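Notes for the one structure printed next.
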Amino acid sequence: MGCLAIEPQPERRYKLNLFLKGVRLCIFFGLILVSAGCLSGMFLVFYLATDLPKLPFPLSRIIETPSTQVFASNGQMLITLGERKTIPLNLVSQDFINAILATEDHRFFEHHGINKLRTLKGLYITLIKKGRVQGASTITQQLAKNLFFSFEKTYTRKFKELLVALQIESSNTKQEILHAYINQIHFGAGAQGVEKAARVFFGKSALDLNLPEAALLAGLPKSPTNYNPYRYYDRALKRRDIVLKRMEQVGLITDLEAQQAMLIKPELHRNQSDSRTGSYFLDALINELIQKYGEDVVYHGGIKVFSTIDTRLQSYAKQSIKNGLERLDAMIGIKPEDLDRPQGALVSIDTGSGAVKAIVGGRNYYKSEFNRAMKSRRQTGSGFKPFLYYAAFKELGFHPATVMTDQPVTIPVKGVEDWEPQNFNKTFLGDMILKKALTHSVNTIAAQIVENVGPGAVTSVAKSCGIQSPLKDVYSIALGTSNVTPFEMASAYTVFATLGVLHEPFLIWRVEDAFGRVIFEHFVQERRVLDPTITYQIVDMMKSVIESGSGRSVRKLGFTRPAAGKTGTTNSYNDAWFTGFTPTLCTSVWTGFDKNKKLIDMNNAGITGGKSAAPIWTDFTMKALKSDPERDFPIPGDIRFEAVETTTGCNPEEGNESVEVLTVPLKSEQTLCMDEEQ
């Protein structure tokens, strides 16, 4: 019996053929896509590889990147960042080598420059997470960064770094790579490379580092500023303990060794010249650079920074603060050996540009690096009154000859007790023009003004002048109860000096990269924020403060140039200020204790801004301007001057010499003797 061949039914045969054709088609297109992908990848690698930086030979030369240099406005070099001392691997503690490997790249001796798992993770974040670019950051890749002087994180730069890392691995041994790496790491506090770091932080060689010290150093590169043990010792120890746990997890130390090391608190080496800049200004400038470019660029990039600081004025500022605080110590009865002594701060700004010329943040940088000039917010007292008077002139039509009455004032405040401000001398003088009220800093009149104009108008003026600290719209804003910094006060008062033009304060004129190319340049821009005629009226009243008012100590101390300013003393005597300016230079001085404590002299009397801060301002400004030509504030074209009685605001009668008379600047349309109608 024969066998019959059973053929597929026509429909099944058709479907099978169709399926096979589909498979062949998919394979065909798959091969095309793979080929295209390979070709595209090869083209991308070829394209990017043509622009890769050249590897130095030997690799250790990669750490020969020029140091970052910071210059004063006159070209004098202020500091060099990133200086390093190269040492061979056999002169480095094995504890440190283990600690840095465990922290930064524990598979360093296993991979070929790229940690595949971490690379995939970084690629995922870069492509999926919008706005974020992340790399795998093996030790080799971190070393490769030093050959790039671009300050932007981009896809192409990350890919180029990866290619350079592969080049480094293919042409150097692991020991050569590790040697170059540990000699270029930035640890903060002016320490570049492990040998410099060991000297700076512990006063010993890198070879002599023990496990607790080595782990502490290995934890710093993640964020040298935030983990700086000189400033944040406890924070640095917590980071150190993370490093020790990591070393235990990867098998480089035992759990017992980790626990024993965590119990030890390494003693820091207090070599001041190595560990810190010694300058409040430089600390602020370096912090700004780090915020702008990152620590890699600041300490590895070999940039040149041209700052605004005037070394001559900075020297005068430090000496004036020192002398002034010593006088204040004597007034209070404090001895040099006493721990709790009053502090001071000074900021001086060029009025024509906003360039910061001098910053002193305390009486002794090495005893306290806290920059009171830029970070300490304190109540300004009557130093806020110029903003109040400008608001009243602008919004209510008041002028220097407007008459108000110095009398007891009670202002109801919703939800709290009525506000009853008092004058400094506890007396009331009756009717007076506003120029006299500001000259002698009369609080009751300031309180009446703020009740009329509203606190919001005052804070609006202050913010227009550059005050950035939070301000509350409360009546007491008129008497300076909001907290601001000396830096802000100096900046805001420059607007009065320029008759209403704001120049943003700045610390850096120009930044160049390692090849001399300008990567940042500050262009002076001005913005009018106040009316020039009204501002001149305020300036004239502030000149009177120095001539015969609460700041008259300035003249008594021999300062003769045209100048304007305002004292500030809080009700508690915790803060004493003087902020003043000439047409070219504006300076703010604050004095007080760090903790809220009264400035009281040996006779149990409160010390005012006129007694403590104004003499510092005078001493500094006289020295700062001694070689400059004398000049006065320009007078707007629509200003006229009138002599008026201080009690009536009217022109004085001829022959009546018993009345007090002041000269006031008025706009052309402003009239006298109309105050009863206001």
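The values are calculated or read from the model by the stated rules, or taken from the named source; none is laboratory data. Source: prediction; values computed, not measured. Cβ atoms come from the backbone with ideal geometry, glycine included; neighbour counts cover every protein chain shown.
Looking only at the stretch 490-511, decide whether some residue is of a type in the set (D, E, K, R) and free of Cβ contacts under 8 Å to residues at least 24 places away in the same chain. Steps first, please.
Narrowing the stretch 490-511 to residues of a type in the set (D, E, K, R): 504, 510.
Now narrow it down to the ones that are free of Cβ contacts under 8 Å to residues at least 24 places away in the same chain: none.
No, the stretch 490-511 has no match at all.
Tally up the residues in the stretch 293-342 that are free of Cβ contacts under 8 Å to residues at least 60 places away in the same chain, of a type in the set (Asp, Glu) and assigned to a loop (DSSP other than H, G, I, E, B), please.
Residues meeting the conditions: 2.
Can you list the helices (runs of 4 or more DSSP H) lying wholly within the stretch 428-517 that have 1 or more residues being closer than 17 Å to VAL545 by Cβ?
Those helices (runs of 4 or more DSSP H) span 434-439, 443-453, 486-497.
Quick one: which of GLN167, GLN192 is over 16 Å from LEU89 (Cβ atoms), polar (S, T, N, Q) and in contact with a Gly (Cβ under 8 Å, 6 or more places away or on another chain)?
One residue alone meets the criteria, GLN192.
So, in the stretch 478-515, how many residues would count as being at pLDDT below 95, touching a Pro at 6+ places or on another chain (Cβ under 8 Å) and crowded, with 24+ Cβ neighbours inside 10 Å?
Qualifying residue count for the region: 2.
With the structure loaded, tell me whether VAL409 is of a type outside the set (S, T, N, Q), surrounded by 17 or more Cβ atoms within 10 Å (Cβ to Cβ) and assigned to a helix (DSSP H, G or I) or whether it fails that test.
Numbers: of a type outside the set (S, T, N, Q): yes; surrounded by 17 or more Cβ atoms within 10 Å (Cβ to Cβ): yes; assigned to a helix (DSSP H, G or I): no.
Against the criterion (of a type outside the set (S, T, N, Q), surrounded by 17 or more Cβ atoms within 10 Å (Cβ to Cβ) and assigned to a helix (DSSP H, G or I)), VAL409 does not qualify.
Looking only at the stretch 436-452, decide whether some residue is in contact with a Leu (Cβ under 8 Å, 6 or more places away or on another chain) and surrounded by fewer than 18 Cβ atoms within 10 Å (Cβ to Cβ).
Checked against the condition, which is being in contact with a Leu (Cβ under 8 Å, 6 or more places away or on another chain) and surrounded by fewer than 18 Cβ atoms within 10 Å (Cβ to Cβ), the stretch 436-452 yields at least one hit.
Name the single residue that is nearest to the chain's Cα centre (by Cα) among those in the stretch 353-367 being among the hydrophobic types (A, V, I, L, M, F, W, C) and over 22 Å from ARG528 (Cα atoms).
In this case the residue turns out to be ILE359.
Evaluate the following for PHE578: is it modelled with pLDDT of 95 or more, outside the structural domain of SER491 (by TED's automatic domain parsing), among the hydrophobic types (A, V, I, L, M, F, W, C) and surrounded by 24 or more Cβ atoms within 10 Å (Cβ to Cβ)? Working first, answer last.
Working: modelled with pLDDT of 95 or more: yes; outside the structural domain of SER491 (by TED's automatic domain parsing): no; among the hydrophobic types (A, V, I, L, M, F, W, C): yes; surrounded by 24 or more Cβ atoms within 10 Å (Cβ to Cβ): yes.
No, not satisfied.
Read through the list (1) in contact with a Phe, Trp or Tyr (Cβ under 9 Å, 6 or more places away or on another chain); (2) closer than 27 Å to LEU325 by Cα; (3) part of a helix (DSSP H, G or I), then give the number of the only condition that VAL356 fails.
Going through the list (1) in contact with a Phe, Trp or Tyr (Cβ under 9 Å, 6 or more places away or on another chain); (2) closer than 27 Å to LEU325 by Cα; (3) part of a helix (DSSP H, G or I), VAL356 breaks only (3).
Report the residue count in the stretch 661-672 for those that are assigned to a loop (DSSP other than H, G, I, E, B), out of contact with any His (no Cβ under 8 Å at 6 or more places or on another chain) and surrounded by 12 or more Cβ atoms within 10 Å (Cβ to Cβ).
Qualifying residue count for the region: 1.
Since GLU526 meets every condition but one in (1) within 24 Å of the chain's Cα centre (by Cα); (2) buried (at least 16 other Cβ atoms within 10 Å of the Cβ), which condition does it not meet?
Among (1) within 24 Å of the chain's Cα centre (by Cα); (2) buried (at least 16 other Cβ atoms within 10 Å of the Cβ), GLU526 violates only (2).
Please list, ordered by first then second residue, the pairs with beta carbon atoms under 6 Å, 6 or more apart or interchain, first in the stretch 554-568 and more than 17 Å from GLY324 (Cβ to Cβ) and at pLDDT 95 or above, second charged (D, E, K, R) and not in a strand (DSSP E or B).
Taking only residues 6 or more apart or on different chains, the pairs are ARG561/GLU630; PRO562/ASP632; ALA564/LYS543.
Matching residues to (1) surrounded by fewer than 23 Cβ atoms within 10 Å (Cβ to Cβ); (2) at negative phi; (3) in a helix (DSSP H, G or I); (4) assigned by TED's automatic domain parsing to the domain that holds ARG372:
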position	(1), (2), (3), (4)
LEU207	yes, yes, yes, no
LEU217	no, yes, yes, no
PRO221	yes, yes, no, no
LYS238	yes, yes, yes, no
GLU257	yes, yes, yes, no
PRO266	yes, yes, no, no
ASP283	yes, yes, yes, no
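Out of the residues in the stretch 518-533 that are in a loop (DSSP other than H, G, I, E, B) and of a type in the set (Asp, Glu), state the one that is modelled with the highest pLDDT.
At the first step, the residues of the stretch 518-533 found to be in a loop (DSSP other than H, G, I, E, B) are 522-526, 529-531.
Then keep just the ones that are of a type in the set (Asp, Glu); that gives 526, 531.
Values: GLU526: 94, ASP531: 97.
The extreme case among them is ASP531.
So which residues in the stretch 49-104 are part of a helix (DSSP H, G or I), modelled with pLDDT of 90 or more and in contact with a Ser or Thr (Cβ under 8 Å, 6 or more places away or on another chain)? First the steps, then the outcome.
So in the stretch 49-104, the residues part of a helix (DSSP H, G or I) come out as 49, 59-64, 89-91, 94-104.
With the extra rule that they be modelled with pLDDT of 90 or more, the set shrinks to 89-91, 94-104.
Those that are part of a helix (DSSP H, G or I), modelled with pLDDT of 90 or more and in contact with a Ser or Thr (Cβ under 8 Å, 6 or more places away or on another chain): LEU91, GLU104.
In the stretch 183-200, which residue that is assigned to a loop (DSSP other than H, G, I, E, B) and on the phi > 0 side of the Ramachandran plot is modelled with the lowest pLDDT?
GLY190
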